[in-house]
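Here the structure comes first, spelled out in structure tokens, and everything after it is commentary.
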Amino acid sequence: MNAPAPASPPSPYSSAMGKSAMESHTLSVLVDNEPGVLARVVGLFSARGYNIESLTVAEVAHGEHLSRITIVTTGTPEIIEQISHQLDRIVPIHRVTDLTLRGRSIQRELAMVKVRGKGENRVEAMRLAEAFRARVIDATTESFVFELTGRPDKIDDFVELMRPLGLVDVARTGVAAISRGPEAL
Amino acid sequence: MKQMTGAEMIVEALKDQGVDTIFGYPGGAVLPIYDALFHQNFVRHVLVRHEQGAAHAAEGYARSTGKVGVLLVTSGPGATNAVTGLTDALLDSIPLVCITGQVPTHLIGSDAFQECDTVGITRSCTKHNYLVKKIEDLPRILHEAFYVAANGRPGPVVIDIPKDVQFALGKYVNPRGLQHKTYQPKVKGDLDRIKEAVAMMAAAKKPVFYTGGGIINSGPAAAHLLRELVRLTGFPITSTLMGLGAYPAPDPQWLGMLGMHGSYEANNAMHDCDLMIAIGARFDDRITGRLDAFSPGSKKIHIDIDPSSINKNVKVDLPIVGDCAHVLEDMVRLWRTDALRADKAALDAWWAQIEQWRARKSFSYKKSASTIKPQYAVERLYELTKNRKTFITTEVGQHQMWAAQHFHFAEPNRWMTSGGLGTMGYGLPAAIGVQMAHPDALVIDIAGEASIQMCIQEMSTAMQYRLPVKIFILNNEYMGMVRQWQELLHGGRYSESYSHSLPDFVRLAEAYGAHGIRCSDPADLDRAIQEMIDSPKPVIFDCLVDKAENCLPMIPSGKAHNDMILPDTDEDIGSVIDDKGKMLV
């Protein structure tokens, strides 16, 4: 999913903007759940050379056929602003909210982590899983599958800890995010 | 309401949208629509000879009328051939509705005959596109497509209609009361910001208006209001290639086009100004040149209907999102009611500076008594047609820039050119579209001998519909702009840019049943142009011009506005661009 970040531009045409530092932003995009809408969003990112760190999508209002796409992207503030405007131009998009600019948002991701091992490693994996509040959702005599929910960096930490203990596979959902407080997005 | 087929609904929707002319080419997947067209007399169909021609003709029609241009093509190759025209319309913000046939729904995805993923292919070259899977959706989508194409920043919309949907029966719904649930572009500008803008204008010492195709798209009212505002303020005005005609070129406040081949006075005014008022222009790389040296000392106001145009290439100080005509109306009103005055003394000094730049006569060229200079040919064409209702289209290259420099437009919608995409082959089909909309006007495609061959097949269309379009070829036997860049950047190694094995254009015209004229003598040029104007037929005019002429002035790649190559400098043209500039286009 990750496109490589463009190298520093060789062209004088593109040197006036984009001198600022790169930032990571979470965009929440409410769309009509119609065929091709995800292709439009993903196509926009690839066509204009923007990065996608994470992208999740699911229908959130079945009656109205509305889906929410949550995109984590990186770029300079100018590029992030441009991404928001470009997204807003896509006809079936209702609303684009930059949760990072709004501040006070909650981000969660779900991961399933498979670890294979015996003896001391297996005990250690269980112990760490408890510390991270990961649940065991599948077990054999030589493996566990842990389910873990949290901020992406917490999941990164857990995966790193599992690596020497027999990490086999990781499946992650990508980030879902919402604003804090009583207001809608 | 009576039941009708999908194909009948399409024709009904065209009528309801006020479409009297469409451009197209039949094929298996659109036969039901062609049958529905056969049974009516309201919508006139123009049969082109290639679907790219249909798209450009629809663009010419749209650009010259302000209406939505419509094309109808079949599935597969019909759709893919239209892609260049759709992309062209996207880049230049031309409202088009393109109806494509598709294989029946049950065959979609089976690699059926003449099947292609039309919505997939056109997703990135349209403003929006639709695949109609059920007859119930068809009427709404047809009307929505016209709404999306014409509102906000205009653009092309594709409706892909499978053949079974064209045959299916359903209830037609007319467009009255239809409201789009997500797409509602903002047309009124923020009044506080507009107030701030006029205050900045009143305080400016070295202001310049920089206008673009958005004024033309906004309609005649925008051009009218622009003229009023420019005259009220006394500020100088320049425009992009796409905006020519919005402000009358013969006027003394007009600085000429700006940008890579723009005038010295326009580019220097942009570089040295202290206030830039950008209206319906998008800071394209042909305009800005080197971005980090672009107008370094100015505050910038940017009025555009598309929020994504703002701060895209150039950071501006005061963005105003809205339709040009609406914002200009507020600006004119505020300037009047607040009795604002420009800083007269500062403005006089600014104009004195501009007049010095203007005195360099950057569009000048060395006259010749023996060969026709291409600039001279355009000048004479202008002089001999300026008192008529004349529409100019162009192909792409040197001739296009000479047309922009030396043909002086006084009205909007009279100038049709492929600006953003730079599509060779645009001019002839666009001229056909213009002539369909304006049967009594003089429509001239200023062309190059290379470009014209890219859609020359449309001569046949011009003949069939008795469209007396005039193709004025500046024939220098080279892809001139390619040749010029090879001279600039590649040591004069003219790799594949010579127009070899050219047809005899006079006999080619005659083969189509049109009129052919050739001229190589400057003394005979006026007579020959008059012969072209007087001919009731389509004309191919083969104007043999100087083969080595370069299009100047020029901002070389990677240079700033105040670093132009002028026609009278003796600089070695091959040495002015550095290695960094060579990487640019």
Practice task
Could you check how many percent of all C-alpha pairs in chain A are farther apart than 29 Å?
Solution key: 37 percent
Fill in the blank from the handout: Heavy-atom accessible area of the stretch B:1-50 with neighbours in place, 1.4 angstrom probe: carbon+sulfur share in percent works out to 53 percent
Problem - Chain-alone versus full-assembly comparison, the stretch B:285-300, residues with accessible loss of at least 40 Å² (1.4 Å probe) - result: B:L291, B:D292
Completion exercise
Here the alpha-carbon Rg of the protein assembly as shown over 2.2 N^0.38 Å rounds to 1.06
Practice task
Over both sides of the B-A contact, add up the buried accessible area with a 1.4 Å probe and give it to the nearest 100 Å².
Solution key: 2400 Å²
Fill in the blank from the handout: For B:K373, counting only lysines whose alpha-carbon sits under 27 Å away and dropping same-chain residues fewer than eight positions off, the answer is B:K361, B:K386, B:K389, B:K470, B:K537, B:K547
Practice task
Please give every one of the lysines within straight-line cross-link reach of B:K206, meaning a C-alpha to C-alpha distance under 16 Å, and leave out same-chain neighbours fewer than 8 residues apart.
Solution key: B:K299, B:K300, B:K344
Completion exercise
A chain fully extended from B:K386 to B:R527 at 0.36 nm per residue, minus the present Cα-Cα distance, gains in nm 49.2 nm
Exercise for the section: Write down the radius of gyration of the stretch A:19-102 and its Dmax, each obtained from C-alpha positions, in Å. Expected result: 12.4, 45
Exercise for the section: Apply the Karplus parameterisation 6.51 cos²θ - 1.76 cosθ + 1.60, with θ equal to phi minus 60°, to every residue of the stretch B:111-127 and state each ³J(HN,Hα) to the nearest whole Hz, in sequence, with x for glycine and proline. Expected result: 6, 5, 4, 6, 9, 9, 7, 4, 5, x, 5, 8, 4, 8, 10, 10, 6
Practice task
As a check on your grasp of the helix formula, calculate [θ] at 222 nm for chain B: sum -39500 (n - 2.57) over DSSP H runs of n ≥ 4, divide by the residue count, round to the nearest 500.
Solution key: -11000 deg cm²/dmol
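Using the Cα centre as the reference, give the magnitude of the dipole from point charges on the C-beta atoms of chain B (Lys, Arg: +1; Asp, Glu: -1; all else neutral), rounded to the nearest 20 debye.
Around 1220 debye, computed over chain B.
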Practice task
May I ask you to give the percent of accessible area on the stretch A:106-178 that is carbon plus sulfur, with a probe radius of 1.4 Å?
Solution key: 52 percent
Exercise for the section: With only alpha-carbon atoms counted, please give the Rg and Dmax of the stretch B:454-584, in Å. Expected result: 18.6, 52
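Quick check on chain B: take the gyration tensor over C-alpha atoms, sort the square-rooted eigenvalues as a ≥ b ≥ c, and tell me if it's rounded (a/c under 1.5), prolate or oblate.
oblate
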Practice task
For the stretch B:452-462, just list the computed ³J(HN,Hα) in residue order, Karplus coefficients 6.51, -1.76 and 1.60, θ = phi - 60°, integers in Hz, with x standing in for Gly and Pro.
Solution key: 4, 6, 6, 9, 5, 4, 6, 3, 5, 4, 4
Fill in the blank from the handout: With R₀ set to 22 angstrom, the calculated FRET efficiency between the beta-carbons of B:K205 and B:R231, to the nearest 0.05, is 0.70
Practice task
Find how much the distance from B:H490 to B:Q356 grows on full extension, using 0.36 nm per residue of separation minus their present alpha carbon separation; answer in nm with one decimal.
Solution key: 44.8 nm
Exercise for the section: Quickly work out the B:L178-to-B:E411 label distance, labels modelled 7 Å from Cα along the C-beta direction, and quote it in nm with one decimal. Expected result: 3.1 nm
Fill in the blank from the handout: With a 1.4 angstrom probe the carbon and sulfur portion of accessible area for the stretch B:78-186, in percent, totals 54 percent
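Between B:D338 and B:K186, how high is the FRET efficiency from 1/(1 + (r/R0)^6) when r is the Cβ-Cβ distance and R₀ = 25 Å? Nearest 0.05.
0.55
With a ≥ b ≥ c taken as the square roots of the eigenvalues of the C-alpha gyration tensor of the stretch A:106-178, please select rounded if a/c is under 1.5 and otherwise prolate if a/b is larger than b/c or oblate if it is not?
prolate
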Practice task
Taking a cut-off of 16 Å between Cα atoms, list the aspartates and glutamates near A:K114, but don't count ones fewer than 8 places away on the same chain.
Solution key: A:E124, A:E130, A:D138, A:E142, A:E147, A:D156, A:D157, A:E160, A:D169
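Calculate the mean, over all residues of peptide A:84-92, of how many other protein chain Cβ atoms lie within 10 angstrom of the residue's Cβ.
Per residue, the average neighbour count from other chains is 6.
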Completion exercise
The relative contact order of chain A, taking Cα pairs under 8 Å that sit 6 or more residues apart, comes to a percentage of 24 percent
Problem - Pairwise label distance in nanometres, A:K114 with B:D563, each label 7 Å out on the Cα-Cβ vector - result: 5.9 nm
Fill in the blank from the handout: Spelling it out for A:E53: with amide H atoms placed in the peptide plane at 1.01 Å from N, the residues 5 or more places away or on another chain with amide H under 5 Å from its amide H are A:V72, A:T73, A:T74
Handout entry: Built amide H within the under 5 Å cut-off of B:V46, gap 5+
Key = B:I22, B:F23, B:G24
Fill in the blank from the handout: Between the alpha carbon centres of the stretch B:199-229 and the stretch A:78-138 the gap in Å comes to 48 Å
Handout entry: Average accessible area per residue (Å²) across the protein assembly as shown - probe 1.4 Å, nucleic acids and ligands excluded
Key = 41 Å²
Completion exercise
Relative contact order as a percentage, the stretch B:347-429, C-alpha pairs under 8 Å and 6+ apart, gives 29 percent
Handout entry: Estimated 222 nm signal from helices in chain A, with DSSP H stretches of n ≥ 4 weighted -39500 (n - 2.57), rounded to 500
Key = -8000 deg cm²/dmol
Practice task
Convert each backbone phi in the stretch B:471-476 into a coupling constant with the Karplus relation 6.51 cos²θ - 1.76 cosθ + 1.60 (shift: θ = phi - 60°), then list the ³J(HN,Hα) values in order as whole Hz, x for Gly and Pro.
Solution key: 9, 9, 8, 8, 8, 10
Fill in the blank from the handout: If the chain between A:D32 and A:R133 were fully extended at 0.36 nm per residue, the gain over the current Cα-Cα distance would be 32.8 nm
Fill in the blank from the handout: Here the residues of the stretch A:24-50 lying in the modelled label zone of A:D156, meaning backbone nitrogen under 14 Å from a point 7 Å along Cα-to-Cβ, are A:24-25
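The values are calculated or read from the model by the stated rules, or taken from the named source; none is laboratory data. Source: prediction; values computed, not measured. Neighbour counts are summed over all protein chains in view; Cβ atoms, including those assigned to glycine, are modelled from backbone coordinates with ideal geometry. What goes into the accessible areas is simple: the full protein's heavy atoms, side chains included, and nothing from ligands, DNA or RNA. Shrake-Rupley method; radii C 1.70, N 1.55, O 1.52, S 1.80 Å.
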